[in-house]
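Down below is the structure, laid out as structure tokens.
The values are calculated or read from the model by the stated rules, or taken from the named source; none is laboratory data. As the structure is a prediction and not an experimental result, all values here were calculated from the model. Ideal geometry is used to build each Cβ from the backbone, glycine not excepted, and the neighbour counts take in all protein chains shown.
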Amino acid sequence: MQKKIYFVSDFHFGVPDPASSRKREDLFVLWLDSVRADAGEIFLMGDLFDFWFEYKTVVPRGYTRLLGKLAELTDSGIKIHLFRGNHDMWAFDYLNKELQIEIHREPEIHIFNKKAFYLAHGDGLGPGDHGYKLIKKIFQSRINQWLFRWIHPDIGIRLGLYWSRKSRYANQRDEADESNEIQLINSRLSVYSKKMLESNPEIDYFIFGHWHYPLEIKLTEKATQLSLGDWLVHFTYAVFDGETLKLLAYKPMDF
């Protein structure tokens, strides 16, 4: 491989306030510039925004520098993918039509240099979390999406931000204990990954977002699972150079 593959997740742009979000947005734009020379593809593994809903003629205000930079990269020939997360599951076709970002709605297996990568945001996978799985089905309903679209954008987006922040704060309380978060990753994602390996033993790497904690787990002698972390606290990402996959952190000294 002449170009590298990058994986990064969970930015939640829009929170906790416009100024803080803008600072993180600027940092991510710097990161995008830092990898553009050797990036073949960039995978955004979900929750790019804390809330995102596309009306027929309206998209959420803001994120101009981020969207402009992503468009610049796709125009230069770098393929960018977005695996929709639980906070941007209502991304429909705007990012694809305007920025040429390829949208993925379900987990997928991609092959890079004869290595098989299982890619997914990670929400709702594995045992447990039944309450969220029910809510996800409700939010994914086309009827409910159609009904929400009839709410005025100023009201609808404000409601969406309120719901998403409530969800994020609840998760922060649940995951405040680092050891508890590692336990959840092991008891849910790792169980799910090992189950997938039973029917897909060719998989070399499992790449997930959602959990906000960077963690590498050796599932078998062949297969490895990566939790990508986030760009709220850890500023982590993974890069595959054709031979090895590394989990790294990006945080300039003045940030």
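Yes or no: segment 61-76 includes at least one residue that is within 30 Å of Trp146 (Cβ to Cβ), of a type in the set (A, V, I, L, M, F, W, C), out of contact with any Asp or Glu (no Cβ under 9 Å at 6 or more places or on another chain) and without any contact (Cβ under 8 Å) to a residue 40 or more places away in the chain. Within segment 61-76, one or more residues are within 30 Å of Trp146 (Cβ to Cβ), of a type in the set (A, V, I, L, M, F, W, C), out of contact with any Asp or Glu (no Cβ under 9 Å at 6 or more places or on another chain) and without any contact (Cβ under 8 Å) to a residue 40 or more places away in the chain. Residue pairs whose Cβ atoms lie under 6 Å apart, separated by 6 or more positions or on different chains, with the first residue in segment 207-235 and free of Cβ contacts under 8 Å to residues at least 24 places away in the same chain and the second not hydroxyl-bearing (Ser, Thr, Tyr), are Thr224/Lys218; His234/Pro214.
Is one or more of the residues making up segment 127-139 in contact with a strand residue (DSSP E or B) (Cβ under 9 Å, 6 or more places away or on another chain) and not aliphatic (A, V, I, L, M)? Yes, segment 127-139 has at least one match.
Selection of segment 32-88 for residues being of a type in the set (Gly, Ala, Ser) and either within 21 Å of His152 (Cα to Cα) or buried (at least 22 other Cβ atoms within 10 Å of the Cβ) (or both) yields Gly46, Gly62, Gly85.
Of the residues making up segment 101-119, at least one is touching a Leu at 6+ places or on another chain (Cβ under 6 Å), buried (at least 18 other Cβ atoms within 10 Å of the Cβ) and in contact (Cβ under 8 Å) with a residue 12 or more places away in the chain. Of the residues Phe240, Phe255, the single one that is closer than 18 Å to Leu32 by Cα and at pLDDT below 90 is Phe255. Of Ser193, Ser164, Ser179, all but one fail to be part of a helix (DSSP H, G or I), out of contact with any helix residue (DSSP H, G or I) (no Cβ under 7 Å at 6 or more places or on another chain) and at pLDDT 80 or above; the exception is Ser193.
Against the list (1) part of a helix (DSSP H, G or I); (2) at pLDDT 75 or above; (3) not polar (S, T, N, Q), the condition Gly122 fails is (1).
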